[in-house]
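Inspection log for the structure reproduced underneath, given as structure tokens.
The values are calculated or read from the model by the stated rules, or taken from the named source; none is laboratory data. In this text the structure is predicted, and so the values were computed from the model without any measurement. Cβ atoms come from the backbone with ideal geometry, glycine included; neighbour counts cover every protein chain shown. Side chains are part of the model used for accessible areas, which takes the heavy atoms of the whole protein and leaves out ligands, DNA and RNA. Shrake-Rupley method; radii C 1.70, N 1.55, O 1.52, S 1.80 Å.
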Amino acid sequence: MLTNLRRIVLEFSQDLELENALLRLVKQVKRVMETDCCSVYLADYRHKKFILMASDGLSIDSLGQTSVAFTEGLIGLVGQREEPINISNSKQHPHFVHTPYVEEDEFNAFLGTPIIHQRKVLGIISIQQKQSRYFTEDEESFLVTLSAQIAMAVANAEARGIIDMPKDTQWLKQLTGIAGAPGIALGPIMISSPNADLGDVSLQKTESIDTQLHRFGNAIVKTRADFSQMADKLSEVINDESLDIFEVYIQLLDHASLGHEVEIKINSGWMAESALKLVIDHYIVQFEALDDSYIRERASDIRDLGNRLLLNLQQEVQANKVLPDEFILMADDVSASMLAEFQHKGLKGILSLSGSNNSHAAILARALDVPAIMGIGKLPLNQMEQQVVILDGYSGELFISPNETLIREYKHLIAEECLLADKVKQVENLPAITKDGRAIELLLNAGLLTGFEHSKNSGALGIGLYRTEIPFMNRSCFPSEQEQTKLYRQVLTSFSDQPVTMRTLDVGGDKSLPYFPIVEDNPFLGWRGIRITLDHPEIFLVQVRAMIRANQGLNNLEIMLPMIASVTEVDDATRLINQAYYELSTELSCKLVKPRIGIMIEVPSTIFQLRELAQKVDFFSVGSNDLTQYLLAVDRNNPRVASLYDAYHPAVLRALNIIAAESSKYLVPLSLCGELASEPAGALLLLAMGYDKLSMNPHNVARIKWVIRHVDFQRAKVMLSHALTFSTAKQVHSYLNEQLEYLGLGGFVRAGM
Ligand code: PEP
Ligand code: MG
């Protein structure tokens, strides 16, 4: 049974034509389940009805013609109840509706199960039999399993159906993906498919090994040059760490690395293209099989590298596409190198069929301030070329071939966004102070965005969170003390008259290092952050030494410890920091300034130990991203539970409020450096709770200043007291959105002013 199920699902998913796929499916199910009829109905939400799309057993003439209302008949009942319905004699059922056109008179037994994707009923699959009987538990399980497995494919096929709708359709052609980077873009799509695709290479052997080695050598040289050029192009707008991906590519090309493996394959008789394909496919399969989402994302980097090598190997010249002045880049898998290639040529938005907001493309899109939608699903790329779309990076919505009215509406919104951005810029260098005089410090989250000079002009009063793991990621081994000192010195110098809070290495969870793999069943509850660095004092000490060394003469460093869950971790880490400090003081024979030490409050246990922790550290900084994940037990990176992850959940808000009250009681300076700080409603609530500092990415500093400068502290206090009374996140959101609109600040949380 399992083999049958697998085969049916596989064949169904591989067919790009939904109608064909459904027809094949009903035939196979009828045969495998040895029944008399199998049918599939798909939901039409506009007309609130199910349409009979495929059947082996019902009248062929009724396919696509017959429909039942959502509230009608047994099919409607399955849809309403969202559960399987098993009936031995359907005609006697009170919900049975006689539909002569489908010719089902001879059938008695009925089993229907809903096809549900992301809580939405997409359709119903039913089986019927002449014999009056209940279907067995096994038959019911089979049908339920089948419908659960084909649901995703049906959703993808529906998306393709939307694209296929005629241009002059009266319906809105709308798809939704993962909001990857905020903003709105309007323009034609430009498809970037790799000109050379390793997927198309058929394996061939050859005698001319030397020629193949020579060809491959040339391709390496050319590819290496391509990557250096791309890194140069991007270096004006992206900082060093983000560009390290190109370094990794170049290293992979080395003789000692991937390049060498290809040469070995060539030496064993494979054509250069075949050898390349064999090696790249091997890497991709290995990367994709790993649990770690960061490494899985790297599979796309490897694929990108392979295709670029192939391109040069075949000496194909990139087709000289005439690029429109402004365009939205779309690709199966948008890669760092594509962005580098197009970012100066009119790139206005990014659409990636695959990936999430953890992939390099999304990280770079945010760094470039280009709106992006990720993971939009399997769409036929060739049909999308040059289609005009509206991309809403706030909501993840994509409108294909929008009508004039919608275009006018969005153009208006884009103009308003520009106006708002200009207006907001006016307060960039003014203090973040409410109308009635309550001030709060705004700081930067750094580590990814454009050069520090640029960030310095954001109007922030220092760096509240410098994520040090990024420079550790795109490399092949741990950086040395010297390398780290150089990097930290640059950061501290760029903000020489302002505090810079550097967080010690916070890898594990979703952030792992390619040269230090951690394989765990539950990585977010596993070896993460301070747990790793305390187990590896040699790594921790090198990093802390580098920080303290870099701080010499500048004295603006603060050290922050991530993932603290207990007091002993603070004691152990402080001991190591002291050790590094005394060692360096001796080595450098000078009196160094000891940095202030703080901890992240992101593991719920710390909320109940604030009194003890307050005696041991100089400041607290709440990591609301992780605090939300751990309080609600919702993996912050899992799209399946994305709707449950909510920093406005009453429990999270109440926890944040308790932290503020306790920190104030114990006189510990308090900041928050999670994403909540950069949200207008979040910032107002945190201000009202009494947070001293909020840390956020540079794009948001002026926006949050604007918000704070246009509200009374007393009003924020009232908002907070109301927000804390609600019992669901939904109620909190609707109240806060209403308040923002009332205060004239709605333009900060949706498109338009
Ligand atoms: C947080 O958890 O809120 C935080 C700021 O750290 P990160 O997002 O890097 O885990
Ligand atoms: Mg965190």
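Observations, loosely collected:
- Within region 528-572, the residues that satisfy the criterion of being within 16 Å of ligand 1 (Cβ to nearest atom) and closer than 16 Å to S512 by Cα are R528, G529, I530, R531, I532, T533, P562, M563.
- Residue match in region 642-652 (condition: within 16 Å of ligand 2 (Cβ to nearest atom), in contact with a Lys or Arg (Cβ under 9 Å, 6 or more places away or on another chain) and either assigned to a strand (DSSP E or B) or of a type outside the set (A, V, I, L, M) (or both)): yes
- Boolean, D36 is acidic (D, E), free of Cβ contacts under 8 Å to residues at least 60 places away in the same chain and farther than 30 Å from L379 by Cβ: no
- Residues located in region 519-553, provided they are away from ligand 2 (no atom under 16 Å from the Cβ) and aliphatic (A, V, I, L, M): V519, L534, I539, L541, V542, V544, A546, M547, I548, A550
- Verdict on I599 being within 16 Å of ligand 2 (Cβ to nearest atom) and part of a loop (DSSP other than H, G, I, E, B): no
- When the helices (runs of 4 or more DSSP H) confined to region 409-510 are screened for residues that are surrounded by 14 or more Cβ atoms within 10 Å (Cβ to Cβ) and either among the small types (G, A, S) or within 16 Å of ligand 2 (Cβ to nearest atom) (or both), those reaching at least 3 such residues are found at 469-473.
- Scanning region 72-91 for residues that are open to solvent by 90 Å² or more (accessible area, probe 1.4 Å) and of a type in the set (S, T, N, Q) yields a single hit, Q80.
Residues checked against (1) under 39 Å from the mean Cα position of the chain (by Cα); (2) touching a residue at least 24 places away in the same chain (Cβ under 8 Å); (3) more than 16 Å from ligand 1 (Cβ to nearest atom):
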{"position": "L576", "(1), (2), (3)": "yes, yes, yes"}
{"position": "K591", "(1), (2), (3)": "no, no, yes"}
{"position": "P595", "(1), (2), (3)": "yes, yes, yes"}
{"position": "M600", "(1), (2), (3)": "yes, yes, no"}
{"position": "V603", "(1), (2), (3)": "yes, yes, no"}
{"position": "Q609", "(1), (2), (3)": "yes, yes, yes"}
{"position": "V617", "(1), (2), (3)": "yes, yes, yes"}
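- Scanning region 92-126 for residues that are more than 39 Å from the chain's Cα centre (by Cα) and either open to solvent by less than 10 Å² (accessible area, probe 1.4 Å) or of a type in the set (A, V, I, L, M, F, W, C) (or both) yields F96, V97, V102, F107, A109, F110.
- Residue check for R528: among the charged types (D, E, K, R), open to solvent by less than 30 Å² (accessible area, probe 1.4 Å) and either in a loop (DSSP other than H, G, I, E, B) or under 22 Å from L487 (Cα atoms) (or both): yes
- Residue match in region 565-581 (condition: in a loop (DSSP other than H, G, I, E, B), at pLDDT 95 or above and not aromatic (F, W, Y)): yes
- Residue satisfying condition, being more than 16 Å from ligand 1 (Cβ to nearest atom), more than 20 Å from L584 (Cα to Cα) and in contact with a Lys or Arg (Cβ under 7 Å, 6 or more places away or on another chain), within set F478, F516, F495: F495
- Close Cβ contacts (under 8 Å, 6 or more residues apart or on different chains) running from residues in region 623-634 that are more than 8 Å from ligand 1 (Cβ to nearest atom) and open to solvent by 10 Å² or more (accessible area, probe 1.4 Å) to residues that are modelled with pLDDT of 95 or more and aliphatic (A, V, I, L, M) comprise Y630/V603; L631/A651; L631/V652; L631/A655; L632/A651; L632/V652.
- Of the residues making up region 1-29, those that are open to solvent by less than 50 Å² (accessible area, probe 1.4 Å) and either touching a residue at least 60 places away in the same chain (Cβ under 8 Å) or over 32 Å from the mean Cα position of the chain (by Cα) (or both) are N4, L5, I8, V9, F12, L18, A21, L25, V26, Q28, V29.
- Of the criteria (1) surrounded by 17 or more Cβ atoms within 10 Å (Cβ to Cβ); (2) under 20 Å from L736 (Cα atoms), which one N637 fails: (2)
- Only one entry in H710, H722, H649, H699 is open to solvent by 40 Å² or more (accessible area, probe 1.4 Å) and at pLDDT below 95, namely H699.
- Residues that are within 16 Å of the chain's Cα centre (by Cα) and either modelled with pLDDT of 80 or more or in the same structural domain as M696 (by TED's automatic domain parsing) (or both) within region 366-386 comprise V370, P371, A372, I373, M374, G375, I376, listed in sequence order.
- Flag if E679 is within 16 Å of ligand 1 (Cβ to nearest atom), charged (D, E, K, R) and open to solvent by 10 Å² or more (accessible area, probe 1.4 Å): yes
- The residue that is modelled with the lowest pLDDT, counting only those in region 303-334 that are within 17 Å of Q251 (Cβ to Cβ) and open to solvent by less than 10 Å² (accessible area, probe 1.4 Å), is L305.
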